[in-house]
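Quick note: the coordinates plus some simple rules give every number you see, no bench work behind them. Here the structure is a predicted model, which means the values were calculated and not measured. Note that each Cβ is placed from the backbone with ideal geometry, even for glycine, and that neighbours are counted across all protein chains shown.
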Amino acid sequence: GAGVSQSPSNKVTEKGKDVELRCDPISGHTALYWYRQRLGQGLEFLIYFQGNSAPDKSGLPSDRFSAERTGESVSTLTIQRTQQEDSAVYLCASSPGVVGSNQPQHFGDGTRLSIL
Amino acid sequence: AQSVAQPEDQVNVAEGNPLTVKCTYSVSGNPYLFWYVQYPNRGLQFLLKYITGDNLVKGSYGFEAEFNKSQTSFHLKKPSALVSDSALYFCAVQEGNNRLAFGKGNQVVVIP
């Protein structure tokens, strides 16, 4: 497909474990965003990539959260030592990426993370 | 900081009736505003955006939105709601680096 792909779609893990979430953006999209959606709430911005650099990490909630991106392709969001409050849907979006272009972001279906 | 507010939690409307989902914004400068829809267990789908120009913006699936600068509003509208329009609707404003600041969302329930 031509859309944003995220894996896994669901992840259940025990508190204290590390998890890795993956995002495959639309081919050619240089901008990539991670958001978090807690139950019954709107989306919280986590981090923005332009190419493989991350000029805006201001939304990462703690140093347990990190992300990287390979070139203008796959990104992984890693959460270390997971806590129950990390339970949420993690959404990835991509866009053509020229800052100020106002192009809409295209979202994946998300990874539903549940911490036991 | 840029922000949007969606004052209602849930909007109930009968099938065939007009649908309105409210959004107000607080921004410095000219706002870039978006509406997205989210169906259960899916990501967000883009409906429409306002950047500049005509205050009435037309989007996907028969939706439109009216930008009102004096009332700082960007309400989403559809003349005749369908049961399939039942979903979660998000208003968003673009911030620096094209990141989006979202409202809390409105659940729309269209009653057959």
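Using +1 at the Cβ of each Lys and Arg and -1 at the Cβ of each Asp and Glu in the stretch B:3-111, identify which of B:Phe46, B:Cys23, B:Leu76 lies farthest towards the dipole's positive end.
Ranked along the dipole, the leading option is B:Phe46.
Please give the residues of the stretch B:1-22, grouped as numeric ranges, whose backbone N is less than 11 Å from a label point set 7 Å along the Cα-to-Cβ vector of B:Glu95.
Taking a point 7 Å out along Cα→Cβ of B:Glu95, the residues of the stretch B:1-22 whose backbone N falls under 11 Å are B:1-4.
Assigning unit charges at the beta carbon (Lys, Arg +1; Asp, Glu -1) and nothing else, what dipole magnitude in debye, to the nearest 20, does the protein assembly as shown show about its Cα centre?
Once rounded to the nearest 20, the dipole reads 100 debye.
Given Cα pairs under 8 Å that are at least 6 residues apart, what percent is the relative contact order of the stretch B:34-112?
RCO, the stretch B:34-112: 26 percent.
If amide hydrogens are placed 1.01 Å from N in the peptide plane, which non-local residues have theirs closer than 5 Å to the one on A:Ala88?
A:Leu113
Within 12 Å, Cβ to Cβ, of A:Asn10, how many net charges do the neighbouring residues add up to if Lys/Arg are +1 and Asp/Glu are -1?
With Lys, Arg at +1 and Asp, Glu at -1, the net is +1.
Evaluate the distance, in nm, between pseudo-label points positioned 7 Å from the Cα of A:Thr70 and of B:Ser70 along their respective Cα→Cβ axes.
Result for the modelled spin labels: 5.6 nm.
So for chain A, averaging the separation of alpha carbon pairs under 8 Å that are six or more residues apart and normalising by length, what relative contact order in percent results?
After rounding, I find 37 percent.
For the protein assembly as shown, give the share of DSSP beta bridges that are antiparallel, in percent and rounded to the nearest 5; count only bridges with both residues there.
Restricted to the protein assembly as shown, the bridges split so that about 90 percent are antiparallel.
Based on Cβ point charges of +1 for Lys and Arg and -1 for Asp and Glu, what charge dipole magnitude is obtained for the stretch B:3-111 about its Cα centre, in debye rounded to the nearest 20?
180 debye
Between A:Ser53 and B:Gln10, what FRET efficiency comes out of the Förster formula 1/(1 + (r/R0)^6) with R0 = 45 Å and r the beta carbon distance, rounded to 0.05?
The value I calculate is 0.65.
List the equivalent ellipsoid semi-axes of the stretch B:3-111 in whole Å, largest first, each obtained as the square root of 5λ for an eigenvalue λ of the Cα gyration tensor.
22, 15, 12
Find which of A:Gly51, A:Thr30, A:Gln105 sits farthest along the positive direction of the dipole of chain A, computed with +1 on the beta-carbon of Lys and Arg, -1 on that of Asp and Glu, about the Cα centre.
Among A:Gly51, A:Thr30, A:Gln105, the one farthest towards the positive end of the dipole of chain A is A:Gln105.
Suppose each label sits 7 Å from its Cα in the direction of the beta carbon; what would the B:Tyr61-B:Ile111 distance come out to in nanometres?
If labels sit at B:Tyr61 and B:Ile111, their model points lie 2.1 nm apart.
Across the stretch A:53-59, in residue order, what do the Karplus-derived ³J(HN,Hα) couplings come to in whole Hz, using 6.51 cos²θ - 1.76 cosθ + 1.60 with θ = phi - 60° and x for Gly and Pro?
Whole-Hz 3J(HN,Hα) from phi for the stretch A:53-59: 9, 10, x, 9, 10, 5, x.
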